[in-house]
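The block underneath contains the structure these notes are about, expressed in structure tokens.
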Amino acid sequence: MYERTSTSFHCFLSLPASLSISSIASSSASESQLMEEEKKHDILEEGEIGTTVEEEEEEQEKSNPINGASTESFFDAHPWPVFRFDIPPRRTYHFAQQFRGGSNNQNFLKSVKWSPDGSSFLTSSDDQSLRLFYLPEDAYFNTGKLEECQISQDSYSSALTVNEAEMVYDYCWYPYMSMLDPTTCVFVSTTRDHPIHLWDTISGELRGTYRAYDAMDEITAALSVSFNTCGAKLFAGYDKHIRVFDVHRPGRDFEQYSLAKADAGSLGIASSIAFSPTYSGMLAVGSYSQTTALYAETNMELLYVLHGQMGGVTQVQFSKDGNYLYTGGRKDPYILCWDIRNTVGVLYKLYRSSESTNQRISFDIEPSGRHLGTGGQDGIVQIYDLHSGEWVSGFQAASDTVNCFSFHPSMPLAASSSGNRRFIMPGNVEDSYSLSDDENCASIWMFSGSREVEDDLAKGE
């Protein structure tokens with residue numbers, strides 16, 4: 001296990017050449033060059049014998065191992081995931097004991113997020129730690145054959161633990177993270193009274209810091225962070241401001257945009273940031289003032305302001321086609337769906353049990369974009385059809401609050417985290433903090449897919 005404890009302040013960190021941050025930005029910036037080269041290679045003169053770009057890429061993929069197997073077998077075995085929500089999922093991996101004990105005996109999980117390539121996931125907990133777990137090999141190559149796991153003990157331990165000095169406000173993966181390219185294996189985190197940190201998931205080392213200063217030249221902490229769609233810019237939300245950093249230039253250089261527009265009023269603290277996945281140059285910013293604003297990425301021009309959330313907005317997320325926006329708030333039992341092409345009113349509402357908590361409860365949309373999953377205070381994960389806005393199914397994921405539910409990007413898997421702050425009354429310390437195995441835990445769920453259904457039908461015949 002790698003472990004690194006952050007200090008109270010980090011200056012600019014010089015990076016080794018092999019782990020340069022500029023390589024991250026250049027990976028997205030060189031896409032146009034690659035397209036031009038592909039066009040040149042695709043044109044072969046008459047009678048010329050050559051290898052097409054598709055054949056070269058196929059041979060290159062075959063030579064790259066993932067956990068001892070070729071990428072050809074990996075992608076052949078994992079087509080676009082199909083979820084069968086009419087069949088209850090199986091809990092295949094479970095983690096609880098490693099989040100208990102230590103200096104913070106009231107520790108609880110806050111969220112879980114899959115890496116963009118699906119090879120790992122990060123958890124955030126109240127002990128100011130971020131833990132990295134890799135998905136085991138059997139999850140890749142034995143899909144559909146994994147049995148229900150025991151919850152009395154952890155399935156395995158985290159591979160990396162990053163200990164921050166203060167409370168973690170937000171964190172996010174680099175959008176083009178891939179285990180095949182170590183320079184992209186990074187994520188950023190923001191904590192109270194500290195700059196934004198860029199962490200290396202391979203070594204656990206700090207790659208760099210992005211620092212914003214207030215009028216008194218003191219460091220001010222971001223409340224939310226998000227990479228833009230191409231991964232070249234890092235957007236950070238503050239009180240009444242958005243600050244934009246170049247990913248390849250750590251330090252205190254940034255562009256600042258005010259959220260206090262005359263025609264929209266003050267949007268307050270920027271609590272959540274999301275970008276349209278269609279490269280339309282649009283981003284949504286949720287705030288604790290119960291509003292969500294949409295901006296143009298290039299100059300932060302205000303496009304729309306959406307009103308309707310009963311509580312402060314804690315999450316915003318675009319649909320896969322970029323035409324719809326989903327927002328959720330604290331002490332608000334509804335996730336609102338907005339059609340950004342016609343923002344006159346709410347398209348429909350999705351219920352979840354969250355009307356009596358200030359806790360952030362995160363939802364997610366499955367890779368095909370058809371369904372949304374969300375947890376709640378009742379420990380039940382609710383699944384909704386986004387085409388109709390109707391409830392599809394639900395299952396009991398924990399005995400306490402399911403504060404985050406996240407779909408795997410390429411497999412019929414999902415991750416959930418549960419936990420909430422417990423206030424212990426004097427004289428009842430032992431009784432009040434006796435946790436069951438399915439409280440304050442993280443779990444990986446295996447959903448039935450189309451391939452499993454076809455196998456069952458074949459066996460029946």
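The values are calculated or read from the model by the stated rules, or taken from the named source; none is laboratory data. Computed from a predicted structure; not experimentally measured. Neighbour counts are summed over all protein chains in view; Cβ atoms, including those assigned to glycine, are modelled from backbone coordinates with ideal geometry. The area values use the complete protein model at the heavy-atom level, side chains included, leaving out ligands, DNA and RNA. Shrake-Rupley method; radii C 1.70, N 1.55, O 1.52, S 1.80 Å.
For this structure, a couple of remarks:
- Pairs with Cβ under 7 Å, 6+ apart, first in region 204-219 and within 21 Å of Thr184 (Cα to Cα), second in a loop (DSSP other than H, G, I, E, B) and of a type in the set (Val, Ile, Thr): Arg207/Ile21; Gly208/Ile21
- Residue check, Leu146 of a type in the set (A, V, I, L, M, F, W, C) and closer than 20 Å to Ser406 by Cα: yes
- Region 422-449, subset within 24 Å of Arg131 (Cβ to Cβ) and modelled with pLDDT under 85, residue most open to solvent (accessible area, probe 1.4 Å): Ser434
- Of the listed requirements (1) modelled with pLDDT of 95 or more; (2) part of a loop (DSSP other than H, G, I, E, B); (3) over 20 Å from the mean Cα position of the chain (by Cα), Tyr176 misses just one: (3).
Conditions tested, residue by residue: (1) among the hydroxyl-bearing types (Ser, Thr, Tyr); (2) surrounded by 17 or more Cβ atoms within 10 Å (Cβ to Cβ).
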residue	(1), (2)
Gln290	no, yes
Glu297	no, yes
His307	no, no
Thr314	yes, yes
Asp332	no, yes
Leu336	no, yes
Asp339	no, no
Tyr348	yes, no
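- Test set (1) open to solvent by less than 10 Å² (accessible area, probe 1.4 Å); (2) at pLDDT 95 or above; (3) not β-branched (Val, Ile, Thr) - Leu259 fails condition number: (2)
- Whichever residue in region 219-233 is in a loop (DSSP other than H, G, I, E, B) and closer than 21 Å to Ser178 by Cβ and, among such residues, is farthest from the chain's Cα centre (by Cα): Ala232
Results for (1) of a type outside the set (S, T, N, Q); (2) in a loop (DSSP other than H, G, I, E, B); (3) modelled with pLDDT of 95 or more, shown as yes or no for each residue.
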| position | (1), (2), (3) |
| --- | --- |
| Val244 | yes, no, yes |
| Ser272 | no, no, yes |
| Tyr279 | yes, yes, no |
| Ala284 | yes, no, yes |
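- For region 240-253, filtering for residues that are surrounded by fewer than 18 Cβ atoms within 10 Å (Cβ to Cβ) and of a type outside the set (Lys, Arg) leaves 5.
- Boolean, Ser289 is modelled with pLDDT of 95 or more and in contact with a Ser or Thr (Cβ under 9 Å, 6 or more places away or on another chain): no
- When Tyr324, Tyr304, Tyr295, Tyr351 are screened for being within 20 Å of Thr401 (Cβ to Cβ) and of a type in the set (Ser, Thr, Tyr), only Tyr351 passes.
- Scope region 350-374; condition within 15 Å of the chain's Cα centre (by Cα) and closer than 24 Å to Ser399 by Cβ; matching residues: Arg360, Ile361, Ser362, Phe363, Asp364, Leu372, Gly373, Thr374
- All strands (runs of 3 or more DSSP E) inside region 107-164 with 1 or more residues being without any contact (Cβ under 8 Å) to a residue 40 or more places away in the chain and open to solvent by less than 10 Å² (accessible area, probe 1.4 Å): 129-134
- Ala222 vs. criteria farther than 28 Å from Ser410 by Cα and of a type in the set (Gly, Ala, Ser): yes
- Residues in region 108-146 that are of a type in the set (Lys, Arg) and touching a strand residue (DSSP E or B) at 6+ places or on another chain (Cβ under 9 Å) were compared, and the one that is nearest to Met411 (Cα to Cα) is Lys113.
- Evaluation of Val402 against (1) surrounded by 23 or more Cβ atoms within 10 Å (Cβ to Cβ); (2) at pLDDT below 95 (one fails), failing number: (2)
- The single condition from (1) touching a strand residue (DSSP E or B) at 6+ places or on another chain (Cβ under 6 Å); (2) without any contact (Cβ under 8 Å) to a residue 40 or more places away in the chain; (3) of a type in the set (Ser, Thr, Tyr) that Thr298 fails is (1).
- Search result, residues across region 197-218 that are assigned to a strand (DSSP E or B) and surrounded by 14 or more Cβ atoms within 10 Å (Cβ to Cβ): His197, Leu198, Trp199, Asp200, Leu206, Arg207, Gly208, Thr209, Tyr210
- For region 227-239, the set of residues classified as out of contact with any Ser or Thr (no Cβ under 6 Å at 6 or more places or on another chain) and crowded, with 22+ Cβ neighbours inside 10 Å consists of Phe227, Leu234, Ala236, listed by residue number.
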